[in-house]
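Participant: Shown below is the structure under consideration.
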Amino acid sequence: MKRMMTLVLVLTGACLIVGLHSSTAAPQADAVERPASHLTPLMRMKLDRSKGILEGLTLEDFDMIVSNARALRLLSTEAGWNVIQTTEYAAQSRDFQRATDLIVEAAEGKDIHRAAMGYVALTVRCVECHSYMRKVQAVPESTNRE
Ligand code: HEC
C-alpha cells in the first residue's frame, strides 16, 4: 500500500513536470518575443536534474537521487539564478532549496518513500515559482512587488 502511494505520488510529480514543460513551451509568440536568453542553459539544467531524481527514484538508486538533488541545489546558488530581486523570489528559492535538502536527506537515509515525497514537494516548487514569474511578467513594474 505504501509502495502504491509512492508510485502515485511519483507519477503525479511526473505529470506536473510534463505539464510545466508543455506550458513553458506552449506560447509560440512568446518564444519569438523572448528568444532563448543566456540563462536558458542553467534553467534547462534544472529539468535534466529533476528527471535524474525521478530516474533514481524509479530505480531505487540512492546515489543517483543524491547527486542530482545536490546538483539541483547548487544550481540555485549560481549568480544567474536570481533573475529578479524580490522577497517573494528569494522565498521561492529557499523553499526550493529546502525541498532539495529533504530529498538528499531522505536518500542518504535510504528512505525511498520520503525521497519520493520530497520529489513531489520539489515539483510543486518548480510550478509555484514559474507561476509567480508569469504573474510578475504580466503586470506593470510598479505593482509587481508581492
Ligand atoms: C525560484 C524560482 C524558480 C524555481 C523554484 C524553478 N524555476 Fe525554472 N525558471 C525560473 C525562471 C525565472 C525562469 C526563466 C528564466 C529566463 O528568463 O530565461 C525559469 C525557466 C525554466 C525553464 C525554461 C528554460 C527555457 O527553455 O527557457 C525550465 C525548463 C525550468 N525553469 C525548469 C525548472 C524545473 C524543472 C524546476 C524545479 C525542479 C524549476 N525550474 C524551478 C525560476 C524558477
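Participant: Go through (1) buried (at least 17 other Cβ atoms within 10 Å of the Cβ); (2) touching a residue at least 24 places away in the same chain (Cβ under 8 Å) one by one and return the number of the condition G52 breaks.
Facilitator: Of the numbered conditions (1) buried (at least 17 other Cβ atoms within 10 Å of the Cβ); (2) touching a residue at least 24 places away in the same chain (Cβ under 8 Å), the odd one out for G52 is (2).
Participant: Mind counting the residues in the range 17-70 that are at pLDDT below 55, more than 8 Å from the ligand (Cβ to nearest atom) and either touching a Gly at 6+ places or on another chain (Cβ under 8 Å) or not in a helix (DSSP H, G or I) (or both)?
Facilitator: 2
Participant: Can you confirm whether D95 is acidic (D, E), more than 24 Å from H38 (Cα to Cα) and within 12 Å of the ligand (Cβ to nearest atom)?
Facilitator: On the way: acidic (D, E): yes; more than 24 Å from H38 (Cα to Cα): yes; within 12 Å of the ligand (Cβ to nearest atom): yes.
Yes, satisfied.
Participant: Please list, ordered by first then second residue, the pairs with beta carbon atoms under 6 Å, 6 or more apart or interchain, first in the range 83-94 and over 20 Å from R73 (Cβ atoms), second near the ligand (Cβ under 6 Å from one of its atoms) and hydroxyl-bearing (S, T, Y).
Facilitator: So the pair list comes out empty.
Participant: Looking at the range 117-124, is at least one residue within 13 Å of the ligand (Cβ to nearest atom), part of a helix (DSSP H, G or I) and without any contact (Cβ under 8 Å) to a residue 60 or more places away in the chain? Before you say what the answer is, go through the steps one by one.
Facilitator: First, pick out the residues of the range 117-124 that are within 13 Å of the ligand (Cβ to nearest atom): 118-124.
Adding the requirement that they be part of a helix (DSSP H, G or I) leaves 118-124.
Those still in the list that are without any contact (Cβ under 8 Å) to a residue 60 or more places away in the chain too: 118, 121.
Checked the range 117-124: at least one residue is within 13 Å of the ligand (Cβ to nearest atom), part of a helix (DSSP H, G or I) and without any contact (Cβ under 8 Å) to a residue 60 or more places away in the chain.
The values are calculated or read from the model by the stated rules, or taken from the named source; none is laboratory data. In this text, all values refer to a predicted model and were calculated from it rather than measured experimentally. No Cβ is skipped: glycine too gets one built from the backbone with ideal geometry, and neighbour counts run over all protein chains shown.
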